[in-house]
Each structure stands twice: as C-alpha cells, then as structure tokens.
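First comes the structure, then the notes that go with it.
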Amino acid sequence: MINKFVAKEGIFYIYIFFAISIFAYFFICDTLALIAFLLTLFFVYIYRNNFKVKAKVDAIVSPISGEIIAIDKIDSKSVVYLDVGLLDSHILIAPKDSEFKELSHINGLNLCSDSFKAKQLNEKRVLAFDDIKVELISGRFNISHAFSKEKETTQYEKVGIFINGIVKIYIPTTYNLNIKLGKKIKAGEVL
C-alpha cells in the first residue's frame with residue numbers, strides 16, 4: 001500500500017524513523033518521539049510518488065522538478081540549469097524515448113550547491129538519453145540512490161531519485177526551447 005504513495009528508495013528511511021519514534025515514545029521521552037515522528041512525515045513528503053503519467057509528446061520534457069536558474073549555449077548545445085530544492089518532486093524521469101545510460105558517477109561531498117567548490121567536490125552523475133545529457137550535482141541534503149540499469153526507456157519513465165542540488169540538461173540546439181529564467185517547472189513539463 002505504501003508503495004503507491006512513496007518511492008521505494010525512501011521506504012527504508014521512513015520505517016527507521018517511524019520505529020525510532022515508537023521506541024522513543026515507549027522507552028525514552030515524548031519529545032524525542034515527536035521529533036522522530038516529524039522526521040518520518042518529512043521523509044514521506046520528500047519521497048512522495050506524486051508523478052502522474054502523461055500522454056507522450058514529440059518534445060523534450062523536464063526530467064525533474066525545479067527552478068530554472070540559468071540557460072547557456074555551449075558549442076552546439078543549450079544547457080538548462082535547474083535548482084532542485086527539498087520541497088520539489090524528486091522523481092527523475094526520461095525526457096524522451098531513448099537508450100538510457102549512466103556515463104559516470106563520481107562520489108564526493110555534499111556542500112552547498114551554490115559554491116564554486118561544490119561544483120568541483122560534490123557527488124556527480126552524468127546520465128545520457130541518446131543526444132540529451134543530464135548532469136546531476138548533489139547539494140547539501142542529497143542522499144545517494146542507485147539508478148536504473150542501462151536500458152531502453154520511454155518518455156516519462158522513472159530512472160531514479162535526486163533529492164537536492166543542481167541539474168544540468170544538455171540539449172542539442174535542434175530542439176526549440178520554450179522556457180524562461182526563474183520559472184518553476186515540474187517533471188514532465190515540455191521544455
């Protein structure tokens with residue numbers, strides 16, 4: 001039943017904090033039990049599975065929810081920078097029907113994603129969806145999760161969870177982008 005509402009990656013954390021809250025309520029103190037229970041509710045919110053499957057479109061969709069903080073042009077690609085906060089939806093989806101591959105995974109720190117050192121030292125993953133590349137740079141509150149194995153994905157298919165940080169989406173300039181700086185977008189919205 002909980003699998004319908006919560007992503008499977010978060011069930012472990014939810015059960016642990018719920019067990020701590022029950023144990024603290026009976027054996028330690030009510031205050032600690034309340035804190036652990038509030039953390040349980042917080043993790044239920046973080047790992048909520050609120051993504052609705054939509055009809056396929058012939059455009060690229062946003063792989064995750066967040067705020068557009070920058071748009072660059074590098075060589076023959078447009079680069080869209082998304083800031084993923086703790087209150088956004090954290091399900092990472094395929095932006096189009098494609099072959100999915102994880103190109104690299106570099107373990108690192110969890111510094112504030114706004115600093116220059118974070119771009120150098122934080123955990124990074126680079127995912128490829130045919131001609132679209134998605135780079136995930138973890139933020140302060142990110143928890144590392146496993147991603148789907150290399151496979152053929154369909155648009156809107158879940159490939160992983162990303163809690164907090166910066167997402168760079170490298171899109172060939174052959175695609176027309178209809179986005180603006182500072183706009184909040186949800187996973188699955190057309191870019």
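The values are calculated or read from the model by the stated rules, or taken from the named source; none is laboratory data. In this text the structure is predicted, and so the values were computed from the model without any measurement. Cβ atoms come from the backbone with ideal geometry, glycine included; neighbour counts cover every protein chain shown. Areas reflect the complete protein model, heavy atoms only, side chains present, ligands, DNA and RNA absent. Shrake-Rupley method; radii C 1.70, N 1.55, O 1.52, S 1.80 Å.
Is the stretch 89-111 home to any residue that is touching a His at 6+ places or on another chain (Cβ under 8 Å), at pLDDT below 85 and of a type outside the set (S, T, N, Q)?
Of all residues in the stretch 89-111, those touching a His at 6+ places or on another chain (Cβ under 8 Å) come to none.
No: zero hits.
Of all the strands (runs of 3 or more DSSP E) wholly in the stretch 32-109, which have at least 1 residues that are within 14 Å of I166 (Cβ to Cβ)?
66-74, 77-84, 91-93
Only residues that are open to solvent by 80 Å² or more (accessible area, probe 1.4 Å) and either among the acidic types (D, E) or in a strand (DSSP E or B) (or both): list them for the stretch 113-162, please.
Across the stretch 113-162, the qualifying residues are D114, D130, E150, E152.
If a residue has to be part of a strand (DSSP E or B), open to solvent by less than 10 Å² (accessible area, probe 1.4 Å) and β-branched (V, I, T) to count, how many in the stretch 163-184 make the cut?
Counting residues in the stretch 163-184 that are part of a strand (DSSP E or B), open to solvent by less than 10 Å² (accessible area, probe 1.4 Å) and β-branched (V, I, T) gives 3.
Looking only at residues that are surrounded by 18 or more Cβ atoms within 10 Å (Cβ to Cβ) and in contact (Cβ under 8 Å) with a residue 40 or more places away in the chain in the stretch 26-48, which one is nearest to F5 (Cα to Cα)?
Y47
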